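Enquirer: Input: one structure, supplied below.
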C-alpha cells in the first residue's frame, strides 16, 4: 500500500502503520466536513452516527476506485479543497506527514486541518459530545453502559471488522482456515446475543450496533 513518508508519496511500505490523529472537535454547526469511502466499513461508523443523529456535518466520499491510494474523480469529487488524491488533504494538514492516507477524515474548515482520522475515536466523539446540535438526538452511549460499549466496540473491531481483512489477505490455507473458523464462531456468539433482542445491548440502539452493522451489511451486498 502506498504511503506518505515525510510528505512524499511512496509506493513501498517504508512507513509501517497508519498514523492516527487524535480526535479533537469543537461542537459547532457547519465547521467540519467528513470524508469517507462508501466501500470502507471503518468510515461507515462515523457516517452512521452523523446521519442517524442528523449532525450539522457535511459528508462526501472518495471514489470507490483506488489508483495509488484513495482518489477523487468526476463522480466523487472533493467539494471542500478540490483535491485529486486523499493524500493531498493529509499534506495540507501537515506538509511532511508520514503514514497511510486513510478514511474517515474529519476536516476542520475553520482551522484548515484534520480534526480526526481515527474511526473508533471519531464515532465515539460524535455520539457523545454532539447531542446538543443533533436534529435527532438519541443517547447512543448511555453512561451506565459506556465502559461495556467501548469494550464491545474494541472486540467488534478485532473479531469482526479487522478479521474480515485478515482472512482476505491470508497467504496460506492453514491460516485462512483458522481465521475463518474463528470468525464464524464469533458470528455465532453474536447471533446468540441477538436471538431475543433487536440490538446488542437490548431494545435500544447503541454505538456498538454502528460498529457491527457496516460489516454485516457488506455480507448482504456481496
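The values are calculated or read from the model by the stated rules, or taken from the named source; none is laboratory data. Note that the structure is predicted; figures quoted are calculated from it, not measured. In this analysis, Cβ positions are derived from the backbone assuming ideal geometry, glycine residues included, and neighbour counts consider all displayed protein chains.
Enquirer: Here are some residues: 49, 59, 105. Which one is under 30 Å from residue 206 (Cβ atoms), outside the structural domain of residue 204 (by TED's automatic domain parsing), surrounded by fewer than 23 Cβ atoms within 10 Å (Cβ to Cβ) and under 16 Å from the mean Cα position of the chain (by Cα)? Break it down stepwise before answering.
Expert: Working: 49 fails: surrounded by fewer than 23 Cβ atoms within 10 Å (Cβ to Cβ); 105 fails: surrounded by fewer than 23 Cβ atoms within 10 Å (Cβ to Cβ).
Sole residue among the options that is under 30 Å from residue 206 (Cβ atoms), outside the structural domain of residue 204 (by TED's automatic domain parsing), surrounded by fewer than 23 Cβ atoms within 10 Å (Cβ to Cβ) and under 16 Å from the mean Cα position of the chain (by Cα): 59.
Enquirer: For region 121-218, give me every one of the helices (runs of 4 or more DSSP H) that falls completely inside it and has 2 or more residues that are touching a residue at least 40 places away in the same chain (Cβ under 8 Å) and in contact with a helix residue (DSSP H, G or I) (Cβ under 6 Å, 6 or more places away or on another chain).
Expert: Correct list: 146-156.
Enquirer: List, please: which pairs have Cβ atoms under 6 Å, are six or more places apart or on different chains, and start with a residue in region 52-72 that is in contact (Cβ under 8 Å) with a residue 12 or more places away in the chain and end with one that is surrounded by fewer than 20 Cβ atoms within 10 Å (Cβ to Cβ) and in a helix (DSSP H, G or I)?
Expert: If the second residue must be surrounded by fewer than 20 Cβ atoms within 10 Å (Cβ to Cβ) and in a helix (DSSP H, G or I), the pairs left are 56/133.
Enquirer: Checking the condition over 19 Å from residue 50 (Cβ atoms), in the same structural domain as residue 40 (by TED's automatic domain parsing) and either within 17 Å of the chain's Cα centre (by Cα) or surrounded by fewer than 17 Cβ atoms within 10 Å (Cβ to Cβ) (or both), which residue from 197, 112, 173 passes?
Expert: Testing whether each residue is over 19 Å from residue 50 (Cβ atoms), in the same structural domain as residue 40 (by TED's automatic domain parsing) and either within 17 Å of the chain's Cα centre (by Cα) or surrounded by fewer than 17 Cβ atoms within 10 Å (Cβ to Cβ) (or both) leaves just 112.
Enquirer: Out of curiosity, is residue 81 more than 16 Å from residue 19 (Cβ to Cβ) and in contact with a helix residue (DSSP H, G or I) (Cβ under 9 Å, 6 or more places away or on another chain)? Please lay out each step first, then the result.
Expert: Details: more than 16 Å from residue 19 (Cβ to Cβ): yes; in contact with a helix residue (DSSP H, G or I) (Cβ under 9 Å, 6 or more places away or on another chain): yes.
Judged against the criteria, residue 81 is a match.
Enquirer: Select from region 14-33 the residues that are part of a loop (DSSP other than H, G, I, E, B) and at pLDDT 85 or above and list them in ascending order.
Expert: Matches in region 14-33: 21, 22, 23, 24, 25, 26, 27, 28, 29, 30, 31.
Enquirer: From the list 76, 97, exactly one residue is modelled with pLDDT under 90, outside any strand (DSSP E or B) and either touching a strand residue (DSSP E or B) at 6+ places or on another chain (Cβ under 9 Å) or not assigned by TED's automatic domain parsing to the domain that holds residue 114 (or both). Which is it?
Expert: 97
Enquirer: Of all residues in region 44-71, how many are modelled with pLDDT under 95 and touching a helix residue (DSSP H, G or I) at 6+ places or on another chain (Cβ under 9 Å)?
Expert: Looking only at that region, the number is 4.
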